[in-house]
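To start, the structure itself, in structure tokens.
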């Protein structure tokens, strides 16, 4: 009997922000059920991302989210923390995958064969789907963190180093969710 490989697309979100975890997703799409409108999450409107997030979760064969926390980012550096989050996402999949396509120019250590693909979130549907799942999850987390740390405006800028975020860091200093290995956060440490 002919068996299709289970191929996971893997992508991460949150390498550039000054605050919060880096989040990765792994998605195995159903090869017999195309999902229209998949694109790199950064190229989609919020409304379209949220719609696709629901469709992907309903129609994918499997998906999982992995993360690396702020302490891990500070201890390992953002690249290694991103790879760790990707590894965790693949390891959490509910099915065994035969192959992983990873967005970027490196692959984490995985329990299956893998290949990296530069700008994969523009080229391969499973990576596009992973990009969407990861971004929606991280954006939601930043909205939740905004309730706990309202002084930084996290719901608006999602932790990225915008002028407003830098001004709030200068006024309030960094919080426990800020990445102290990042120079802008270290610059505003008081005491």
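The values are calculated or read from the model by the stated rules, or taken from the named source; none is laboratory data. These numbers come from a predicted model, not from an experiment. Positions of Cβ are generated from backbone atoms using ideal geometry, with glycine treated the same way; all protein chains shown enter the neighbour counts.
Pick from the stretch 120-132 the residues that are farther than 11 Å from residue 27 by Cα and touching a residue at least 40 places away in the same chain (Cβ under 8 Å): which of them is surrounded by the most Cβ atoms within 10 Å (Cβ to Cβ)? Let's see the steps before the verdict.
Let us first name the residues in the stretch 120-132 that are farther than 11 Å from residue 27 by Cα, namely 120-124.
In the following step, the residues that additionally are touching a residue at least 40 places away in the same chain (Cβ under 8 Å) were identified as 120-122, 124.
Numbers: 120: 23, 121: 27, 122: 15, 124: 19.
Checked the stretch 120-132; the qualifying residue surrounded by the most Cβ atoms within 10 Å (Cβ to Cβ) is 121.
Which residue is nearest to the chain's Cα centre (by Cα), if the candidates are limited to the stretch 161-174 and must be outside any helix (DSSP H, G or I) and surrounded by fewer than 17 Cβ atoms within 10 Å (Cβ to Cβ)?
162
Can you tell me which residues in the stretch 142-154 are surrounded by 15 or more Cβ atoms within 10 Å (Cβ to Cβ) and not in a loop (DSSP other than H, G, I, E, B)?
142, 145, 146, 152, 154
For the stretch 133-141, indicate whether the set of residues that are within 20 Å of the chain's Cα centre (by Cα), under 30 Å from residue 8 (Cα atoms), in contact (Cβ under 8 Å) with a residue 40 or more places away in the chain and outside any helix (DSSP H, G or I) is non-empty.
no
Quick check on this structure: which one of 91, 77, 30 is touching a helix residue (DSSP H, G or I) at 6+ places or on another chain (Cβ under 8 Å) and surrounded by fewer than 21 Cβ atoms within 10 Å (Cβ to Cβ)?
Result: 30 is the single residue among 91, 77, 30 that is touching a helix residue (DSSP H, G or I) at 6+ places or on another chain (Cβ under 8 Å) and surrounded by fewer than 21 Cβ atoms within 10 Å (Cβ to Cβ).
Would you call residue 5 under 16 Å from the mean Cα position of the chain (by Cα) and either more than 22 Å from residue 101 (Cβ to Cβ) or at pLDDT below 95 (or both)?
Working: under 16 Å from the mean Cα position of the chain (by Cα): no; either more than 22 Å from residue 101 (Cβ to Cβ) or at pLDDT below 95 (or both): yes.
No.
Could you grab me the full set of residues in the stretch 62-95 that are without any contact (Cβ under 8 Å) to a residue 60 or more places away in the chain and outside any helix (DSSP H, G or I)?
Matches in the stretch 62-95: 62, 64, 66, 67, 68, 69, 94.
Somewhere in the stretch 9-27, is a residue at pLDDT below 95 and crowded, with 22+ Cβ neighbours inside 10 Å?
no
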